[in-house]
Amino acid sequence: MVSSRMWINRARRYVVGKGGMSLNRKLMSTSESETVNYANRKTIIEQKPQGYYPPIDTIRPNDAKRSRIPNFRQSFEMVDFVQYPSKRYPELYNIEGKITSIRKSGKAMYFIDLIQDGAKVQIMASNKLMQMTAQEFDDAHAFFRKGDFISCVGHPSVTNVGELSLKLCRPINLASPCLNSMTIPDKIKDRGLINSNRVLDYLVNADSKQRLMIKSIVIQAIRQFFVKRDFMEVQTPILGGYGTGANAEPFKTISNALKSTGDGSKYLQLRVAPELWLKKLVISGFDKIFEIGQNFRNEGIDSTHNPEFTTCEFYQSFTNLNELMILTEELFVEIFDTLKEKKLSLVDEQLPSLSALASGTFPKYEFIPTLESKTGVALPSELTAESLIEYYNSIGLEVPVLKSPSNLLDNLSSIYLESISQDTKTPIFIYNQPSVLSPLAKSAILDYDGRSYDISLRFELFIQGKEYVNSYEEENSPFEQSKKFKLQQLTKTQFNDNEMIIPDWEYIKSMEYGLPPTGGWGCGIDRLCMLFSGSERIEEVLSFGNIRDVVRQ
């Protein structure tokens, strides 16, 4: 058995200055304000920092069972301590964590709240259990402050009111001091301060911390969903050439390691989507794959868009549009149920308004018939810029500045179709969009009241007026894909539409090996986390905010 005196001396190694003067005495002077108190503490620690940041094994006991706080609570919350002498479990336990509050009862007793892994437990420290005098006890413990990380040894027990606690029998050991406690408020509401200092935000705002937890849970649920269905997770290049697979402006950079025939450097870009890489893997014989990762678009920043964002995409051979819809419904049910089990307050506030996600069956609206039903006017049989402008005029709608056919149709969708999910309070599928909107999707000629249209075998999932999923049967003919790439280039030139896809001719060559009929699917994870956490701005679910916030932290 280690003597109390030995533990006192061990504790004092971290609380007594080299000159023999007790650090506690200097810090606890009643004439000093708390701000000066902390400044003095930091100054003294700075003079000999190694004494206050010990290797963890030097402060851990060999004769106590170590437990993380959530496990400690799980092990002892239901124990009837009345059966033990003095209501103390006989075995010694060592727990570690961060001090969130200290309550003193004179010099001889402290009550400390300790947190670890999101769980909290009370520490009871008194001179009697440590076989110290009141002065010795105060010397060994007056140094500790809110925010310090500590290691404790004692017996699991309960207070007189039944609160689970660890009653210490040895002095507390300091693992790492907090030097900034006096600058940490109880809560931060100012959005500017939150965005400029997310470390401080997470230290004091439980909701901010919970949003990151929700994002982790959502990503895990998505990953487990696909793994259970025998999909293989892959990683594709984030930095590459000019093939993108999405309608977006990329970030461009230069590699000094790769030489070209021009100025000695090779031009590269950050990917805007992993789509073409993933389809090359399907061509290579990987029939069921998915990727969760970062993408980058050199575009605007607003409440729902950030240049860096997280997505999930999956591809499965021999999968049609209806099967993709079923997988989508099943995935959203699984995410809903997984979050519901976690009982997080932010999620619990949102689930009642999202209960339709748990139904597993989402209403379907076909693009052209639904649009015509909403406007009361039939679409022109030829979807050119000129005919669509006439259509705008016929329904009394202002024509947007960008007059490419794809933008005109997309604008009609946002006004008349996407809002249905808001009006009905249910998630909806919008499907069979005109092919000009989806250059990588498989096309088919469909007839509507005697009028034929070139339609993409595609759907989008909308919830509360926002898009969450984009999915389609992939174009698997290299000849058709080549035509669609050329049409994109023509539209970009004619209308100065920067949303057009940059062709990847290497992908066309890969397609000649044979791309099976394939279903592809993509979902924005950041926006999904906003939905389940009730966040109004995308930076709330990004660990360090949007790009404006990142560059100033």
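Data overview
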read-out: Test: residue in segment 455-464 that is of a type in the set (F, W, Y), touching a Ser or Thr at 6+ places or on another chain (Cβ under 9 Å), assigned by the TED database to the domain that holds I538 and crowded, with 22+ Cβ neighbours inside 10 Å; value: yes
read-out: Residue check, F309 among the aromatic types (F, W, Y) and farther than 20 Å from I428 by Cα; value: yes
read-out: Which listed residue, of T310, T338, is at pLDDT 95 or above and either exposed (fewer than 14 other Cβ atoms within 10 Å of the Cβ) or touching a strand residue (DSSP E or B) at 6+ places or on another chain (Cβ under 8 Å) (or both); value: T310
read-out: Residue count, segment 69-80 (criterion: β-branched (V, I, T) and part of a loop (DSSP other than H, G, I, E, B)); value: 1
read-out: Flag for S353 being small (G, A, S) and touching a residue at least 60 places away in the same chain (Cβ under 8 Å); value: yes
read-out: Top-ranked residue in segment 419-440 [being buried (at least 18 other Cβ atoms within 10 Å of the Cβ) and assigned to a loop (DSSP other than H, G, I, E, B); ranked as nearest to the chain's Cα centre (by Cα)]; value: P427
read-out: So F485, is it touching a Pro at 6+ places or on another chain (Cβ under 8 Å) and among the aromatic types (F, W, Y); value: yes
read-out: Output for segment 81-116, where each listed residue is in a loop (DSSP other than H, G, I, E, B), surrounded by fewer than 14 Cβ atoms within 10 Å (Cβ to Cβ) and modelled with pLDDT under 95; value: S105, G106
read-out: Pair list, Cβ < 8 Å and 6+ apart or interchain, from segment 221-241 residues that are hydroxyl-bearing (S, T, Y) to residues that are assigned to a loop (DSSP other than H, G, I, E, B); value: T236/R271; T236/P274
read-out: Flag if F332 is touching a residue at least 60 places away in the same chain (Cβ under 8 Å), in the same structural domain as P516 (by the TED database) and surrounded by 19 or more Cβ atoms within 10 Å (Cβ to Cβ); value: yes
read-out: Matching entry among A385, A356 (being touching a strand residue (DSSP E or B) at 6+ places or on another chain (Cβ under 9 Å) and either over 17 Å from L417 (Cα atoms) or among the aliphatic types (A, V, I, L, M) (or both)); value: A356
read-out: Flag if E460 is over 20 Å from the mean Cα position of the chain (by Cα) and assigned to a loop (DSSP other than H, G, I, E, B); value: no
read-out: Which listed residue is under 30 Å from F532 (Cβ atoms), of a type in the set (F, W, Y) and either at pLDDT 95 or above or crowded, with 16+ Cβ neighbours inside 10 Å (or both), from Y507, Y468; value: Y468
read-out: Test: S208 is out of contact with any Pro (no Cβ under 6 Å at 6 or more places or on another chain), assigned to a strand (DSSP E or B), crowded, with 16+ Cβ neighbours inside 10 Å and not β-branched (V, I, T); value: no
read-out: Scan of segment 166-202 for residues that are among the polar types (S, T, N, Q), surrounded by fewer than 20 Cβ atoms within 10 Å (Cβ to Cβ) and within 30 Å of L92 (Cα to Cα), ordered by number; value: S176
read-out: One residue from K486, K466 being touching a residue at least 12 places away in the same chain (Cβ under 8 Å) and either aromatic (F, W, Y) or more than 26 Å from S421 (Cα to Cα) (or both); value: K486
read-out: Verdict on S353 being in a loop (DSSP other than H, G, I, E, B), among the small types (G, A, S) and in the same structural domain as E418 (by the TED database); value: no
read-out: Those residues of segment 504-553 which are part of a loop (DSSP other than H, G, I, E, B) and over 20 Å from I301 (Cβ atoms), in sequence order; value: D504, E512, Y513, G514, L515, P516, P517, G534
read-out: Test set (1) under 24 Å from G522 (Cα atoms); (2) among the aliphatic types (A, V, I, L, M); (3) surrounded by fewer than 20 Cβ atoms within 10 Å (Cβ to Cβ) - A385 fails condition number; value: (1)
read-out: One residue from K343, K266 being surrounded by fewer than 21 Cβ atoms within 10 Å (Cβ to Cβ), closer than 27 Å to N498 by Cα and free of Cβ contacts under 8 Å to residues at least 24 places away in the same chain; value: K266
read-out: Pairs where the first residue, in segment 299-315, is closer than 24 Å to A221 by Cβ and assigned by the TED database to the domain that holds M232 and the second is surrounded by 18 or more Cβ atoms within 10 Å (Cβ to Cβ) and among the hydroxyl-bearing types (S, T, Y), C-beta under 9 Å, 6+ apart; value: Y315/T518
read-out: Matching residues, segment 211-231, being exposed (fewer than 13 other Cβ atoms within 10 Å of the Cβ) and over 18 Å from K343 (Cβ atoms); value: Q224, V227, K228, D230
read-out: Any hit, segment 286-299, residues being at pLDDT below 90 and more than 26 Å from L331 (Cα to Cα); value: yes
read-out: Single match in R145, R170 (criterion: in contact with a Phe, Trp or Tyr (Cβ under 6 Å, 6 or more places away or on another chain), closer than 20 Å to E96 by Cβ and not in a strand (DSSP E or B)); value: R170
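Results for (1) within 24 Å of the chain's Cα centre (by Cα); (2) over 18 Å from I502 (Cβ atoms), shown as yes or no for each residue.
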position	(1), (2)
F226	yes, yes
T236	yes, no
A248	yes, no
T253	no, no
V272	yes, no
K280	no, no
G285	no, yes
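The values are calculated or read from the model by the stated rules, or taken from the named source; none is laboratory data. Keep in mind that this is a model prediction, so the values were computed, not measured. With ideal geometry, Cβ positions are generated from the backbone for all residues, glycine too; neighbour counts draw on all protein chains shown.
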